[in-house]
Amino acid sequence: MTSRLLEPLRQKPVWLENGVGLRTLFEGRAFIALIVIVVVFSALSPNYFTMENLLVMSRHVAVNAILAIGVLMVILNAGIDLSVGSTVGLAGVVAGYLLAGVKVPFWDSVAYPAVWVVIICSLAIGGLVGWVNGVLVSRFKVAPFVATLGTLYVVRGLALLITNGLTYPKLQGTPALGNTGFNWVGFETFLSIPVGILIMVVIAAAGSVMLNKTPFGRWLYASGGNERAAELSGIPVKKVQLSVYVISGVCAGVAGLIIASELTSATPQTGTSFELTAIAAVVIGGASLMGGRGNIRGTLLGAFVIGFLSDGLVIIGVSQYWQMVFKGAVIVLAVMLNSVEYRSKRVKAGPSSPSPGGSTVIDSSPDSDVTDPRTPLVVGSA
Amino acid sequence: MTDVPEVVLRASDITKRYGGTQALKGVNFEIVKGKVTTLLGENGAGKSTLMKILAGVETPTSGTLELDGELVSFDSTADAADKGISIIHQELSLCPNLSVRDNIFMGRELVTSAGTVDYAAERKIVRQLMERLEEQIHPDTLVADLRLGQQQIVEIARALSIDARILIMDEPTSALSASEVDVLFKVINDLTASNVSIVYISHHLEEALKVSEYVVVLRDGVIVAAESSANVDVPWIVAMMVGRDFDLGQPPSLAGHEATALTIDRVRVADPANPARLSVDGVSLEIRAGEIVCIYGLMGAGRTELLEAIAGRVPLVSGTVLVGDTDIHGLSIAERIELGLGLVPEDRQRDGLVPSLSVGHNMSLASLAGFVNGLFLSRSGEEKIVREGIKNVAVKTAGTGASIGSLSGGNQQKVVIAKMLLTKPKVLLLDEPSRGIDVGAKSEVFGLLSSLADKGLAVLYSTSEAAECLSIANRIIVMRKGKIVAEFGSEAATQNEIMAASGEQADTSRTNGKNK
């Protein structure tokens, strides 16, 4: 009995038996889109496919990719985070505020916190915004769209209030005050790779390990796929929900710091509409807005598709208006392919049992690599 | 009954596949004009699938439908409704946020000359329908405010309002009281008198025999018998449905187990749909280690609410639950699982499985702590646990990485059970463990429970099929309207006693009523 039951396990994995060609095509559609983009723009402009330009473009991608990884966590949980763009602005402004010196009350002096203190404070602010979102959603049952739409406005307003609408310039600090080094991220390179890109790689690697190797990752996929089943399996679904918003907020904080460091200034308007680009990257990367499906690899690819497309359009001198049209078309196309993919899976599927209750159709095609820990991490593979 | 039966709808060689499972394997089915044909079969025999095909909800994989001798195909329920076929679904398909009137006219509202909805006319028709069904439901009442049986009446009223030539009733009486069932039967008689053909599906065999002229038995997607109901009796039907002498097993011996595993004391639980009402009202129960207890009751008797409250899904209004000697008041679901209390929920699609995860990941979901290596999940540890789970409950799967949706209902159910077994429970609660699984899988599941009980597991399962109580359970508890109304030992009870105690109308007086 035992040996007969276990026999199929020793055979080749199921996904191999299910039309590997078509699957790979769909799995890799973001990857294919990226290759198409690189090939087309390389043909149109000799400056596109150069190491220098690829690094510049990747640096632009890094910010959106970091945001998108945070948003991916929320979307895996079947939520949405619209507040990350505003959080980018607030995190930068908080850094600017602290670097410009904090008046100590009743002391008649100005304190200049060290850069590492500044960074921790900015990340903490990002986390705090996420925590508020998480509490609103998990505790007070506010719909994620509404809760984060609210914080989008509140956070942007706070950023404007702190600076009174102005910009904090010259964040490089003064050696005499001991707060130099903030522009390190924006200007340093390591092995001639800009630090911003490396931060993205580190966050992506950490996120991938978290999703695939830790219990938290499994909790997240499970509660996003079916919250009721996850809850009855003893998974702390509320804690998971709260955590993903905090992660998303911290990622937004990181992105805000990178931008402020690159510009050595902090403007409260920074990050306006970034949330939409981040969501677009996640969606192009194949994640389901219904939760439970998606991975870091796809999200990174999505961010690269958007970034390489925008920059390419700029390089070949397409007007800004057409840029918007192209970007929008690519997003819709990607999501369309997404739903085509799910529908083609559903055709093969069907109610798992001919039960009299007419059970809900669940997607039955093997989706082996969604949570497959062996999935290699592809970073900037172009 | 002497004239030659005229077939109004004929289904020939119907097959239906869902992924890997074949629900119907070449079915030939006839509906006779002006008569009631009862379709019988076990859970998962394919009854509902066949009816869905006849009503245009699903299209057959192959086979033909003939209506009045002409080939037809239904693309949608609206299509079938246009041709005079109406269906009362087993699960209620009403919008609770709308009134009775709105629900009955949903999608085919009566319109005044000004283009607005003619509420007065609709209301009048609803009143007439309710009079016919001898039910006092105001047309403007919200469906959410009706009790389950009344909602079923509304569903029936909606089907009647369509003036169908063929009316399919999929378990119309599951939540009705005895007097409501009598009224429904009167209505069915009226309908057949005016040449409406009816297909009737029920689990209550006596009831089905009483109301119908023809009996058709479906087993594993094949029609195994079609007879005039005058020629058959209940034991014959059971034999046909089950196909062989079917034994779901014997109660465990209880030998060597003394300790009380689960103590439920005066537990009260609010009705999730209406918090002002109680769905469990003062239930007390003790279960020993190694003992199997069955809760029998109708839909809405409070079985699910009781089990979910014990598992920690919904809070208790009052009362205490002890696992062993530990009061589990205020503990999270995870802490209860840790203590050895697991629930296999009633609706595995909704509460049991994560459709986007593989078989293995679904199975290990409740016991991730068992293979954490520092911060990380151990892949080999998980593989080991999952294989053990697959072996323990004999899941037939292409592999641990296979999609959960590729399994049959019975194997999915085994995965949910295996998931809880991997948490090493002392008390296992199962809410309708046989729902939507075939006969073979049912006996495997029951056999598994019985052997686990021999090893000291306390099992509490609920069911709505009296036959399932009289198998492996040491004790049978009957619940009705949130209270325990009867308790039987494994030998003492008969199906009729159990059903009668639950308020069901399967007692002898109903069977005698057959010779009308």
(message) Tell me whether the stretch B:381-388 contains one or more residues that are at the interface with chain A (Cβ under 8 Å from one of its Cβ atoms), buried (at least 22 other Cβ atoms within 10 Å of the Cβ) and closer than 22 Å to A:Glu227 by Cα.
(response) no
(request) Output the number of the condition that A:Thr163 fails; it satisfies all remaining conditions of (1) more than 14 Å from chain B (Cβ to nearest Cβ); (2) of a type in the set (Ser, Thr, Tyr); (3) in contact with a strand residue (DSSP E or B) (Cβ under 7 Å, 6 or more places away or on another chain). (result) (3)
(request) Would you mind telling me which numbered condition in (1) within 12 Å of chain A (Cβ to nearest Cβ); (2) at pLDDT below 85 B:Ile87 fails? (result) (2)
(request) Take the residues in the stretch B:165-180 that are surrounded by fewer than 21 Cβ atoms within 10 Å (Cβ to Cβ) and among the aliphatic types (A, V, I, L, M), then tell me which one is farthest from B:Glu122 (Cα to Cα). (result) B:Ala178
(message) Can you go through B:Glu122, B:Glu155 and tell me which one is of a type in the set (Asp, Glu) and within 10 Å of B:Arg101 (Cα to Cα)?
(response) B:Glu122
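Yes or no: A:Pro215 touching a strand residue (DSSP E or B) at 6+ places or on another chain (Cβ under 7 Å), of a type outside the set (A, V, I, L, M) and within 8 Å of chain B (Cβ to nearest Cβ)? I'd like the intermediate steps shown before the answer.
On the way: touching a strand residue (DSSP E or B) at 6+ places or on another chain (Cβ under 7 Å): yes; of a type outside the set (A, V, I, L, M): yes; within 8 Å of chain B (Cβ to nearest Cβ): yes.
Yes: the conditions hold for A:Pro215.
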(request) Mind counting the residues in the stretch B:315-332 that are over 15 Å from B:Ile287 (Cβ atoms) and either within 11 Å of chain A (Cβ to nearest Cβ) or of a type in the set (Gly, Ala, Ser) (or both)? (result) 5
(request) Could you check B:Glu30 against (1) within 25 Å of the chain's Cα centre (by Cα); (2) farther than 22 Å from B:Val187 by Cβ and say which number it fails? (result) (1)
(request) Name the one entry in B:Gln150, B:Gln136, B:Gln128 that is assigned by TED's automatic domain parsing to the domain that holds B:Thr37, surrounded by 19 or more Cβ atoms within 10 Å (Cβ to Cβ) and over 11 Å from B:Ile104 (Cα atoms). (result) B:Gln150
(message) Please count how many residues of the stretch B:332-388 are in a helix (DSSP H, G or I) and of a type outside the set (Ser, Thr, Tyr).
(response) 32
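Output the residue which, of all residues in the stretch B:394-421 that are more than 10 Å from chain A (Cβ to nearest Cβ) and among the aliphatic types (A, V, I, L, M), is farthest from the chain's Cα centre (by Cα). It would help to see each step written out before you state the result.
The initial filter retains those residues of the stretch B:394-421 that are more than 10 Å from chain A (Cβ to nearest Cβ), namely B:414-415, B:417-418, B:421.
Then drop every residue that is not among the aliphatic types (A, V, I, L, M), which leaves B:415, B:417-418, B:421.
On the way: B:Val415: 19, B:Ile417: 18, B:Ala418: 22, B:Leu421: 24 Å.
Among those residues, the one meeting the criterion is B:Leu421.
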(request) Name the single residue, out of those in the stretch A:187-212 being over 30 Å from B:Ile337 (Cβ atoms) and in contact with a strand residue (DSSP E or B) (Cβ under 8 Å, 6 or more places away or on another chain), that is nearest to the other protein chains (Cβ to nearest Cβ). (result) A:Leu198
(request) Being under 26 Å from B:Arg480 (Cβ atoms) and outside the structural domain of B:Leu148 (by TED's automatic domain parsing) narrows it down to one of B:Glu335, B:Glu383, B:Glu346, so name that one. (result) B:Glu346
(message) What's the total number of residues in the stretch A:222-257 that are closer than 19 Å to A:Leu152 by Cβ and at the interface with chain B (Cβ under 8 Å from one of its Cβ atoms)?
(response) 0
(message) For the stretch B:55-71, give me each residue that is within 14 Å of chain A (Cβ to nearest Cβ) and touching a residue at least 40 places away in the same chain (Cβ under 8 Å).
(response) B:Ala55, B:Glu58, B:Pro60, B:Thr61
(request) Could you check how many residues of the stretch B:436-459 are under 20 Å from B:Gly256 (Cβ atoms) and among the hydrophobic types (A, V, I, L, M, F, W, C)? (result) 7
(message) Looking at B:Ala81, B:Ala144 in this structure, which one is among the hydrophobic types (A, V, I, L, M, F, W, C) and either buried (at least 17 other Cβ atoms within 10 Å of the Cβ) or modelled with pLDDT of 90 or more (or both)?
(response) B:Ala81
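Within the stretch B:79-101, does at least one residue satisfy the condition of being closer than 30 Å to B:Lys25 by Cβ and basic (Lys, Arg)?
The initial filter retains those residues of the stretch B:79-101 that are closer than 30 Å to B:Lys25 by Cβ, namely B:79-93.
Then drop every residue that is not basic (Lys, Arg), which leaves B:83.
Looking through the stretch B:79-101, at least one residue is closer than 30 Å to B:Lys25 by Cβ and basic (Lys, Arg).
Restricting attention to the stretch A:184-219, which residues are of a type in the set (D, E, K, R) and exposed (fewer than 15 other Cβ atoms within 10 Å of the Cβ)? Lay out the reasoning, then the answer.
Step one: list which residues in the stretch A:184-219 are of a type in the set (D, E, K, R), which gives A:188, A:213, A:218.
A:Glu188, the sole residue that qualifies.
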(request) Among the residues of the stretch B:438-489, write down those that are among the small types (Gly, Ala, Ser), touching a helix residue (DSSP H, G or I) at 6+ places or on another chain (Cβ under 7 Å) and closer than 28 Å to B:Arg277 by Cα. (result) B:Ser462, B:Ala466, B:Ala486
(request) Could you look through the stretch A:97-139, keep only residues that are in contact with a Pro (Cβ under 9 Å, 6 or more places away or on another chain) and free of Cβ contacts under 8 Å to residues at least 40 places away in the same chain, and pick out the one that is surrounded by the fewest Cβ atoms within 10 Å (Cβ to Cβ)? (result) A:Val102
(request) With respect to A:Leu98, determine if the residue is modelled with pLDDT of 95 or more, touching a helix residue (DSSP H, G or I) at 6+ places or on another chain (Cβ under 6 Å) and part of a helix (DSSP H, G or I). (result) no
(request) Please enumerate the residues belonging to the stretch A:43-57 that are surrounded by 12 or more Cβ atoms within 10 Å (Cβ to Cβ) and within 27 Å of the chain's Cα centre (by Cα). (result) A:Tyr48, A:Phe49, A:Thr50, A:Asn53, A:Leu54, A:Leu55, A:Val56, A:Met57
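Name every residue in the stretch B:459-490 that is more than 21 Å from the chain's Cα centre (by Cα) and under 16 Å from B:Ser284 (Cβ atoms), in order of residue number.
Residues of the stretch B:459-490 more than 21 Å from the chain's Cα centre (by Cα): B:474-475, B:485-490.
The answer is B:Arg475, B:Val485, B:Ala486, B:Glu487.
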(message) Considering only the stretch A:281-303, I want to know if a residue exists there that is away from chain B (no Cβ under 14 Å), surrounded by 20 or more Cβ atoms within 10 Å (Cβ to Cβ) and either at pLDDT below 65 or part of a loop (DSSP other than H, G, I, E, B) (or both).
(response) yes
(request) Would you tally the residues in the stretch B:333-357 being more than 7 Å from chain A (Cβ to nearest Cβ), at negative phi and not charged (D, E, K, R)? (result) 4
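Going by the structure shown, is B:Asn103 away from chain A (no Cβ under 14 Å), in a loop (DSSP other than H, G, I, E, B) and not β-branched (Val, Ile, Thr)?
Values: away from chain A (no Cβ under 14 Å): yes; in a loop (DSSP other than H, G, I, E, B): no; not β-branched (Val, Ile, Thr): yes.
It is false that B:Asn103 is away from chain A (no Cβ under 14 Å), in a loop (DSSP other than H, G, I, E, B) and not β-branched (Val, Ile, Thr).
The values are calculated or read from the model by the stated rules, or taken from the named source; none is laboratory data. Keep in mind the model is a prediction, meaning the values are calculated, not measured. Note that we place each Cβ from the backbone using ideal geometry, even for glycine, and neighbour counts take in every protein chain shown.
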